[in-house]
Every structure is written in C-alpha cells, then in structure tokens.
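In what follows, a structure is listed as structure tokens, so that the remarks can point back to it.
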Amino acid sequence: METSIDMEIYKINILDKSEVLAVSLCQKDEYRELDVERILSAKELTTYKGYQHRKKKVDFLLGRSMAKCAIDKLSACENFAEIEITNSVFGAPIVIGDNMANLGVSISHSNEYATAVSYHRNFPCAIDTEVIRPKCEKAMRSLLECNEASIIKGYNELNILTVMWTAKEAASKVLNIGFTVDTKIFEVDKIQKSSDCLIGSYRYLKGFQFVSQKIGNSILTVASPIVNNKHMFVEQFKLMSIK
Ligand SMILES: CC(C)(COP(=O)(O)OP(=O)(O)OC[C@H]1O[C@@H](n2cnc3c(N)ncnc32)[C@H](O)[C@@H]1OP(=O)(O)O)[C@@H](O)C(=O)NCCC(=O)NCCS
C-alpha cells in the first residue's frame, strides 16, 4: 500500500532465510500527512480518536503506520485498515489479520522518530528508539550495573548511556514483559564497534544480541536472536556512526 509518509524501510535477509524482518522509521513531523481511515482499523480509529493529547495521537498513529509498513514488507498486505495491532496486558503489540499468525511487530517512539520492526515469530525481535538527551544522563547512569560501567569507557558518554538504555528496553520488549521485572536481567555484557553500528550482547539473555545505530539525534536499537554469532544489520542497515 502507498502511504504519503516519507519513510525509510529496510528488508533484511538473514543467512539463507529471506525476508525475516523489516524495519521502518519516519520522522514525527510526517504526522500531518496521514489519512487515518486508510491506515487504522475501526477499533484502532476509536482508540486514536479517544486520545486527548496530541503527543498520544502522533505516537499511536505513526507507530501503527510504521508497524503496518514493516508488516507489509513481510506479508504484502494490500489494506492497512485490515491489520489490527492490539496490546497485551503488559503492553506488547499483537498483530491481528488474515495470514498474519506468524508475524510479530515491535514499536518505538522517540521525540524525533516513530520506528517499528516486523518479524517472523521464529525470529523474535524488538526495537527501541530514544533521543540523546543530556538531562537523562544522571538517571541512565544510576541504572548501570558494575560491569556496565567498565564497558562504556572510551565512548562518548551520553551516546553510550543511551545505547545501553535502548538495549535494555529492546530486551524487555523482545521478551514481551517490558520493565515489569528487575532490570538487572537486561544487563549488557559486551559492546563492540562494527562498521557504523555498535553490536552488543547481554549477560543473562544469552540468545540475543542488539545492534545500535544513530539516526538524527536518536539512538535506534534492535534486539534479535544470535544466528551463528552474526548480526544482520551491519551491511544492510547503514545510518549514522556512533562515536
Ligand atoms: C516496554 C517499555 C519499556 C516501553 O518503553 P518506552 O520507552 O516508554 O516506549 P517506546 O516508545 O519505546 O515503546 C512503546 C511501545 O512499546 C510496546 N510495548 C509496550 N509494552 C511492551 C511489552 N511489555 N513488550 C513488548 N513491547 C511493549 C508498545 O507497542 C508501545 O507502543 P504502543 O503503545 O503505541 O503500542 C515500557 O512501556 C514498559 O516497561 N512497559 C511495561 C511496564 C508497564 O506495564 N507499565 C505500565 C504501567 S501503567
């Protein structure tokens, strides 16, 4: 489906599997362009209209739009209004639509961007996006575990703290539980530079990696399963380098 959103979309192949996941993102100033009735299901439209605050409306609409654009890349759905994204009791997005039982989606909103990743359920992924903000530095630092404090040395502090934060949120989303648990379980184990990305692993979530990129003044991080020790984004997802 064509939308009037100016967005970037990446369809990513992993090893011999094709079309395993798709990432979409757009800037929030695209909000005014959208035709809500073509994008939202009837139930979503009711939710959207019920929001009083503009920020809630923007997040909901652009988040759903990006999610459906990513889903479209994996399922070639003609009509976005026929896809419904509802939320679990813990807030996790659930895709409802014909022939979509095998698809999952993850959504994130920063003040600059709406982003989403759609994936096949046998390859669970999650996305998180945060603006790099000096006023959050203290709070992000206070959540560092002992080992994490040594990992961040040598990087621009604000950037790397934001990377760590998004890595934890993405991990919480990939498990569908959010921050309902002690955040220690999302502890970051290692981070390494690879091309323009940072790739990291988790101390306790051994089956997952994350990759972080800078987009505008935000950090975008995707958590995904480790496949043969490789991460898929390095060649295919080039945005801005994190120093
Ligand atoms: C998941 C969580 C870390 C997201 O944090 P955030 O930085 O505030 O928000 P983001 O913009 O990055 O992500 C928002 C999206 O995360 C997704 N999300 C929310 N909870 C999720 C969960 N448990 N698992 C996976 N994804 C989740 C939703 O799709 C949401 O967008 P939507 O509401 O438009 O569908 C946070 O919402 C959380 O910890 N939730 C669980 C705790 C909880 O239930 N809080 C509610 C108390 S009232």
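The values are calculated or read from the model by the stated rules, or taken from the named source; none is laboratory data. Small disclaimer: the values here were computed from a predicted structure and weren't measured. FYI the Cβ positions are ideal-geometry reconstructions off the backbone, even for glycines, and counts take in every protein chain you see.
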Positions within the stretch 151-166 being modelled with pLDDT of 90 or more and not aliphatic (A, V, I, L, M), in sequence order: TYR155, ASN156, GLU157, ASN159, THR162, TRP165, THR166
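Among LEU25, LEU45, which is within 14 Å of ALA116 (Cβ to Cβ) and of a type outside the set (S, T, N, Q)?
LEU25
Okay, residues lined up against (1) at pLDDT 90 or above; (2) within 16 Å of the ligand (Cβ to nearest atom); (3) in the same structural domain as LEU45 (by TED's automatic domain parsing):
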residue	(1), (2), (3)
CYS77	no, no, yes
ILE85	yes, yes, yes
GLY91	yes, yes, yes
ILE96	yes, yes, yes
ALA101	yes, no, yes
HIS109	yes, yes, yes
TYR113	yes, yes, yes
CYS136	yes, yes, no
ASN147	yes, no, no
Any hit, the stretch 187-204, residues being at pLDDT 95 or above, within 15 Å of the ligand (Cβ to nearest atom), surrounded by 18 or more Cβ atoms within 10 Å (Cβ to Cβ) and acidic (Asp, Glu): no
